[in-house]
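Taken together, the values in this text are just the output of simple stated rules run on the coordinates, not laboratory data. Every value quoted in this text rests on a predicted model; they were computed, and no experiment measured them. Here the Cβ is made from the backbone with ideal geometry for all residues, glycine too, and neighbour counts use every protein chain on show.
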Amino acid sequence: MRKFKDQLLRGCLWASAFLTVAVLVIIVGYIFYKGFRLIDFNFIFGDYSPVGHGGIWPMIVTTIYTIFISLIIATPIGILAAVYLQEYAKQGRLVRLIRYATESLTGIPSIIYGLFGAVFFVTTLKFGMSIIAASLTLTIIVLPVIIRTTEEALKTVPQSYREGSLALGTTKLQTLYKVILPSAMPGILSGIILSIGRIVGESAAIFLTAGTVAAMPDGIFSSARTLTVHSFLVTQESGDIELAAAVGIVLIVIILILNFSATFISKRLNKADY
């Protein structure tokens, strides 16, 4: 009976893994099947035109703008907040309240963030419908993800690492950036990668803060359209599933490039530290 239960559990694990991979392959395969024939040089690097399928280069630039601006703001704030909560703050009611607020922010629908961004960044701060307004809204969206994943990554660092470093005469700050953060880097990187996916996948928040202008942005204060919003609009307005799928292929490639780049940078930093 024990052997039977072991085999049954192992079979369930294999079936779950196979099902997960199969769903991913089906989704990605369908997207490539529907949109791959539209992918060419003019489609990727051309300017948008409502006639035909048009180019998507302005939307690619806008998407990259929102990713980098959001991460540049959210990453240091999120990591520093997590370091304070895990390494410096006295564990008590205030810390529990902050953690509860962070977890609550994770569950708020993105349309609520979009409404807040439209009221605060677009109207109150007078940024208008712009890339910077959308990026600041996305920063608020991904902050809880970065904070929680960084906290969990810091928890996985053995206490002996801290004690050994302090025993050698280093300060707590030196221990933090020479020992703790490099050891927690894979977990921190996971949070950043999840944040990239969340930023790229957002449409409602960007729709309400950046607008839908399908033109090359002059700067971060220009109204523009990201790839996700573009995919939504062409599907809604013309029902062009092939064009939406082609945009999805470009999004997948951008995410893969950014993820591989983040992994490469993390490995180089770890080698430099050691």
**Q.** Computed over segment 1-83, Kirkwood Rh from alpha-carbon pairs, angstrom
**A.** 17.6 Å
Q. Principal axis lengths of segment 62-103 from Cα atoms, whole Å, largest first?
A. 42, 18, 8
Q: Please give the calculated 222 nm ellipticity per residue for the chain, where each DSSP H segment of at least 4 residues contributes -39500 (n - 2.57) and the sum is spread over every residue; nearest 500 deg cm²/dmol?
A: -24000 deg cm²/dmol
**Q.** Point-charge dipole on Cβ atoms (K/R +1, D/E -1) for segment 122-248, about Cα centre, debye to 20
**A.** 620 debye
Q: Please list 30-41, 98-109, 244-255 highest first by mean number of surrounding beta-carbon atoms within 10 Å per residue.
A: 244-255, 30-41, 98-109
Q) So what is the relative contact order for the chain, in percent, with contacts set as C-alpha pairs under 8 Å and at least six apart? A) 27 percent
Q. Using just the C-alpha positions of segment 75-223 as equal point scatterers, what log10 of I(q)/I(0) does the Debye formula give at each q in 0.10 1/Å?
A. -0.45
Q. Can you give the extra length, in nm with one decimal, that the chain gains between LEU13 and TYR84 once fully stretched, where that is 0.36 nm per residue apart less the Cα-Cα distance?
A. 21.8 nm
Q: Across the chain, how many lysine pairs, 8 or more positions apart or on different chains, have C-alpha atoms separated by under 17 Å? Please give the number.
A: 6
